[in-house]
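Working notes for the structure below.
The values are calculated or read from the model by the stated rules, or taken from the named source; none is laboratory data. Nothing here was measured: the structure is a model prediction, and the numbers come from that model. Cβ sites come from the backbone with ideal geometry, for glycine too, and all protein chains shown count toward neighbours. We work out accessible area using only protein heavy atoms, side chains counted, and drop any ligands, DNA or RNA first. Shrake-Rupley method; radii C 1.70, N 1.55, O 1.52, S 1.80 Å.
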Amino acid sequence: MNYTVDQKHIRSVNQRVILNTIINTDTISRAALSRLVGMSKSAMTEYISSLLEMGIIIEVGEGQSTPTGGRKPILLKFNKNYKYIIAIDLSFEDSIFVLSNLGGEIINKISKNVDSASSYAERSKLVKDTINKLISMQNLKHDDIAIIAISSPGVAIPSKEFIANPQFANWRINQLTKELEDHFNTSVLVVNDVNAAAVGELKYGIGSNVDNLVYISCGLGVGAGIIINGSLYEGATKSAGEIGNFIIPSKNGLTSLENSININALLRYISEEAPKQTLDKLIKLNKSSKFSFKNVVSVWQTGDKFLQDCILKIAEKLGYVISDIISLLNCDLVILGGEYQVFKTAMLPLINHIVKENAFYPVEVVPSCMQYPGIYGLFALSYELILEQLSNASPKNNINF
């Protein structure tokens with residue numbers, strides 16, 4: 001039994017090394033591949049044949065012959081269109097649905113506004129209909145989808161269900177996951193939205209040249225995605241980075257950071273404390289006594305003094321928290337994302353000043369430059385899971401994505 005297990009493990013490792021090497025080159029010959037992985041061509045033949053038969057790699061013509069002549073080598077290439085990924089970001093206002101290939105190339109994208117009052121049945125139907133639309137737009141079948149990946153605020157506790165943030169409870173993530181698995185006959189990956197964004201920045205964004213970074217998302221919620229030594233750190237129960245639970249002083253005693261600075265707290269504070277002049281501007285935009293976060297941004301952009309002060313107060317609290325995080329983790333970079341990134345011109349100078357004055361070893365706090373870091377994080381995490389399954393697969397052992 002031990003011998004069988006060891007042989008399976010060796011085969012998996014060898015197949016992954018070969019596959020990774022092909023992926024990391026544009027095209028490569030068998031001889032060049034053999035030299036790179038340190039394996040004889042004869043030993044590699046079975047692995048290459050297996051990968052070719054499954055369609056994970058393809059032959060793409062002839063390469064250059066050697067200086068001494070001889071037959072031109074057949075080149076191998078990773079087939080990035082072997083399967084496809086559906087990535088879904090359940091964001092604050094507009095949920096984003098994306099179809100990509102295994103190369104992380106976006107093929108189609110659909111944005112859907114989800115009414116906060118909509119029922120779970122309506123949400124479930126919207127998700128299924130939108131995925132079907134993405135698939136049909138490319139003339140694909142359900143079998144062509146390797147995985148459906150979803151990012152949402154919440155915690156994926158090991159051996160338990162995904163616990164979504166209260167604002168996303170109507171999505172019933174665990175029920176939705178099961179329905180999508182059954183309907184599309186594929187795996188469903190659910191990831192904390194901030195963790196997904198941190199991985200996206202690491203793999204595709206401004207964090208691609210560092211090993212240790214923290215992605216801070218601030219807006220509807222407050223959270224951190226932590227990358228240590230190039231890998232996502234989730235903690236013992238996958239709840240690392242829940243900085244929204246940090247306790248800070250308030251005029252009424254103690255409160256959580258999230259309840260002090262998130263969008264709901266901002267809107268509540270403005271309703272209770274804003275002068276008539278500011279409220280009139282907000283009400284005029286929305287043509288009612290209620291106003292939205294978008295209205296606040298619009299009036300802030302006009303230079304409203306009260307709203308400018310509100311944002312600086314948020315930046316100050318966030319600055320001290322980020323300073324403590326930098327001192328604790330000794331990271332290389334901090335990236336600010338989330339809905340509050342719209343205030344970056346006002347927030348970041350103050351945050352960086354506080355960090356410089358208080359962190360043990362200050363590093364720069366920069367804005368995210370990616371439009372959809374969470375989506376790209378889902379690509380990267382899905383890609384790793386898919387490659388792991390491909391490395392363990394063979395033509396006689398069909399892959400069940």
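Can you give the relative contact order of the stretch 202-312 as a percent, counting alpha carbon pairs under 8 Å and 6+ residues apart? Mind dumping the intermediate values first?
Details: 123 pairs, mean separation 16.7, N = 111.
The normalised contact order for the stretch 202-312 reaches 15 percent.
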Leaving ligands, DNA and RNA out of it, rank Thr255, Thr45, Thr302 by accessible area with a 1.4 Å probe, largest first. Thr302, Thr45, Thr255
Among Ile325, Gly241, Thr302, which residue has its Cα positioned farthest towards the positive end of the charge dipole of the stretch 198-339, with +1 placed on the Cβ of Lys and Arg, -1 on the Cβ of Asp and Glu, and the dipole taken about the Cα centre? Thr302
The chain: angle of helix 173-184 to the longest principal axis, Cα-based, in degrees nearest 10: 30
Once you sort the root eigenvalues of the Cα gyration tensor of the stretch 152-257 as a ≥ b ≥ c, which label holds: rounded (a/c under 1.5), prolate (a/b larger than b/c) or oblate (the other case)? oblate
Beyond 27 Å between alpha-carbons counts as too far, so tell me which of Lys8/Lys72; Lys203/Lys238; Lys8/Lys238; Lys141/Lys178 fall in that bin. Lys8/Lys72; Lys8/Lys238
What's the longest bit of the chain with no exposed trypsin sites (Lys or Arg not before Pro), using DSSP loop states and at most 12 other Cβ atoms within 10 Å as the test? 291-395
Over the chain, what is the mean sequence separation of C-alpha contacts under 8 Å (at least six apart), divided by residue count, expressed as relative contact order in percent? 16
With r defined as the distance between the Cβ atoms of Thr255 and His9 and R0 fixed at 45 Å, what FRET efficiency is calculated, to the nearest 0.05? 0.35
Quick one: among Val60, Val188, Val342, which has the greatest mean-square fluctuation in a GNM of the chain with alpha-carbon springs under 10 angstrom? Val60
So for the stretch 180-289, taking the charge dipole from beta-carbon charges (+1 Lys/Arg, -1 Asp/Glu), which of Ser231, Ser260, Pro275 sits furthest toward the positive end? Pro275
Taking the Cα-to-Cβ direction at Asn330 and at Ile74 and moving 7 Å from each Cα, how far apart do the two end points lie in nm? 5.3
Heavy atoms only, 1.4 Å probe, whole protein assembly: order Glu339, Glu53, Glu388 by accessible area, highest first. Glu53, Glu388, Glu339
I'd like to know which of Gly377, Ile163, Leu312 lies farthest towards the positive end of the charge dipole of the chain, counting +1 on Cβ of Lys and Arg and -1 on Cβ of Asp and Glu. Gly377
From the cross-link list Lys83/Lys128; Lys41/Lys80; Lys83/Lys125, the entries with a Cα-Cα span beyond 21 Å are Lys41/Lys80; Lys83/Lys125
Sites Gln371 and Asn209 - FRET efficiency at Förster radius 25 Å, r taken between beta-carbons, to 0.05: 0.80
Can you give the angle from 0 to 90° between the axis of helix 263-273 and the longest principal axis of the chain, with both taken from C-alpha atoms, to the nearest 10? 10
Grab the Cα-Cα distance for Asp143 and Ser271, subtract it from 0.36 nm times how many residues apart they are, and report the gain in nm with one decimal. 41.0 nm
Considering only protein heavy atoms and a 1.4 Å probe, what is the carbon-and-sulfur percentage of the accessible area of the chain? 50
Accessible solvent surface per residue of the chain, calculated while the other protein chains remain in place, 1.4 angstrom probe, Å²: 51
With bins of 10 Å, the percent of all Cα-Cα pairs of the chain per bin from 0 is 4, 19, 26, 23, 15, 8, 4, 1, 0
Suppose each label sits 7 Å from its Cα in the direction of the beta carbon; what would the Gln175-Ala31 distance come out to in nanometres? 6.2
So which lysines can Lys290 reach, going by Cα to Cα under 29 Å and dropping same-chain residues fewer than 8 places off? Lys112, Lys251, Lys276, Lys281, Lys305, Lys313, Lys317, Lys344
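Report, in debye and to the nearest 20, how large the dipole of the stretch 199-304 comes out about its Cα centre when Lys and Arg carry +1 and Asp and Glu carry -1 on their Cβ. If you can, show how the numbers build up before the last one.
Details: 10 positive and 9 negative charges, 110 e Å.
Here the size comes out at about 520 debye.
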Report the chymotrypsin sites (Phe, Trp or Tyr not before Pro) located in the stretch 221-328 that are in a DSSP loop and have at most 12 other Cβ atoms inside 10 Å of their Cβ, or state none. none
With all protein chains present, calculate the accessible area of His9 using a 1.4 Å probe and round the result to the nearest 10 Å². 120
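Under a Cβ-only charge scheme (Lys and Arg +1, Asp and Glu -1), can you give me the dipole magnitude of the chain about the Cα centre, in debye to the nearest 20?
580
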Relative to the chain, whose Cα atoms define the longest principal axis, helix 344-358 and its Cα axis are tilted in degrees, nearest 10, by 90
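Roughly how many debye, to the nearest 20, is the charge dipole of the stretch 32-153 about its Cα centre, given +1 on each Lys and Arg Cβ, -1 on each Asp and Glu Cβ, and no other charges?
Here the size comes out at about 400 debye.
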